[in-house]
Amino acid sequence: MSSTALFRTDAKSARQIQRSGPIPVGTSLGTVSLRITGDLQSLEAVWEDLQASAPCTGAQTFNWAQAWVRHVLGPEGHEPVIVVGSAADGQALFLWPFEMAESAGMRVLHWLGQEHANYTMGLFAPQAAATFTAPDISCLLSEVARATGAAAAILKGQPFSWDGIPNPFAKLAHKLTPSSGYAVRLGDFTVLYEERFSKRSRTTHDRKERKLAKGGPIIYGWAETRDERLQIVDAFFVQKARQFAAMGIKDIFDAHARAFYREVVLLEGDNPSRLRLGYIKVGDAVLAIISGTMYHKRMTVVLCSLAEGELQRQSPGALLLRHQIKDACSKGLAFYDFGAGEAHHKEQWADVVQPLFDSLVAFKPQGLILTLPLAAALRLKRAIKSSPHLWPLAQKFRAALFGNAQPRA
């Protein structure tokens, strides 16, 4: 099936339903009380309690969502739609962080910040995640659509399971995404490194590191002070803008997105929403940046970029990656997650490949105007990206047609 149709004929307006208070919905777990709100602050306690036990990444945590709403949603004309489902005893069973956008004059639900997240998912109490059925999720999602006036939901980049817990949204009809997620299980770094790379490859890494050191002292680090964090994240924006321009890709880091990332890099301590900025420098020059969140014993890469110049011949990005994986092993993390999308360095390191799926749901007949063409486009994109001949040609064509555009200032 290309997309799911969950049509509702109830004529009540969204505003009337929202004013009526919690919405009772019958499920296989009993009656679930739905609360739908755009007021994140009122949900801080329940959100943080649930994220501590639910399988998730930093992109589903409270402070991450709060920063996204503050800097991106308002300026883009979107609104947060946060759904909390509770059992009869008041215990939160799930929290779905959505945002509402308009497309072709229709209201459309997306995961909050999904265009800037490697993985998207709702927060489910583990026992509830294993128990909910496909009819349960369909019914609950339909009630959300009725209460908010959504014509469709376009929910991208979802894992089938996370940390061994099944994702109930996978029980709905779905489409495989064009790209998968990649991660490596951590343990003893020496054993891991020798398993993933031949002696010749390890020798090549060491030789490149020595050549790199001829340009000046090598510094592998994490940005710690406020000034250093802002310096490194701004260096990322410059590097990434140049990379996007050369590839003919639109720079997604506009002023609003940059403000969002500056906020999450400045979070303190072990906050799971904190974006940790890792870098390799030769002297004062930042040659590569790899940053991510650390939560539930997993480092999940969010942003990475490379500088230009001759020193790139010595693969500073690969050296930084090796250093970070070694550091993650020493910290006792269980996974180093490279995020979604195919790349040579991911194939070299990864021993976990995580297929992802998109949910395209039409709640009203007119919603099919959005979901059906998108389903067809996703099928085509997946076919192109999975072809060893078509995907390189597509990349070359895009770079030739749109490459070397002026990067964003």
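The values are calculated or read from the model by the stated rules, or taken from the named source; none is laboratory data. Worth saying up front: this structure is predicted, and the values here are computed from it rather than measured. When we count neighbours, we look across all protein chains shown, and the Cβ atoms used for this are built from the backbone with ideal geometry, even at glycine. The protein model used for the area step is the full one, side chains on, heavy atoms only, and it has no ligands, DNA or RNA in it. Shrake-Rupley method; radii C 1.70, N 1.55, O 1.52, S 1.80 Å.
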In whole Hz, what ³J(HN,Hα) sequence does region 267-276 give by Karplus (6.51, -1.76, 1.60; θ = phi - 60°), x for Gly and Pro?
5, 10, x, 8, 3, x, 8, 5, 8, 8
What number comes out for accessible area per residue over the chain if the probe is 1.4 Å? Units Å², please.
45 Å²
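Once a ≥ b ≥ c are taken as the square roots of the eigenvalues of the Cα gyration tensor of region 49-123, is the result rounded (a/c under 1.5), prolate (a/b larger than b/c) or oblate (a/b not larger than b/c)?
Values: a/c = 2.16, a/b = 1.53, b/c = 1.41.
Prolate, because a/c is 1.5 or more and a/b exceeds b/c.
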Residues of region 188-218 with amide nitrogen under 20 Å from the 7 Å Cα-to-Cβ point of residue 353?
195-198
Mean-position separation - Cα centroids, region 125-170 and region 280-306, in angstrom
32 Å
Using a Gaussian network model of the chain with C-alpha springs under 10 Å, which one of 178, 316, 373 is most mobile by mean-square fluctuation?
373
Of the residues 334, 237, 266, the Cα lying farthest along the dipole of the chain towards its positive end, which is defined by charges on the beta carbon of Lys, Arg, Asp and Glu, belongs to 237
Helical mean residue ellipticity (222 nm; -39500 (n - 2.57) per DSSP H run of 4+; nearest 500) of the chain:
-11500 deg cm²/dmol
Pairwise label distance in nanometres, residue 297 with residue 171, each label 7 Å out on the Cα-Cβ vector:
2.7 nm
Taking the reciprocal of mean 1/r across every pair of different Cα atoms in region 243-380, the Kirkwood radius in Å is 17.8 Å
Which percent of the accessible heavy-atom area of region 296-365 goes to carbon and sulfur, probe 1.4 angstrom?
54 percent
Students often check this: by mean Cβ neighbours within 10 Å, which of 130-142, 50-62 ranks highest, and how do the rest follow?
50-62, 130-142
Counting only Cα, what are the radius of gyration and maximum Cα-Cα distance Dmax of region 132-224, in Å?
23.2, 64
Computed lengthening from residue 219 to residue 70, 0.36 nm per intervening residue step minus Cα-Cα distance:
50.2 nm
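For a protection proxy built on the mean count of beta-carbon atoms within 10 angstrom, sort 333-343, 199-209 highest first, please.
Values: 333-343: 19.4, 199-209: 12.5.
Result, highest mean first: 333-343, 199-209.
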Taking amide H positions as placed in the peptide plane 1.01 Å from N, state which residues far from residue 251 in sequence (5 or more) or on other chains have amide H under 5 Å from it.
none
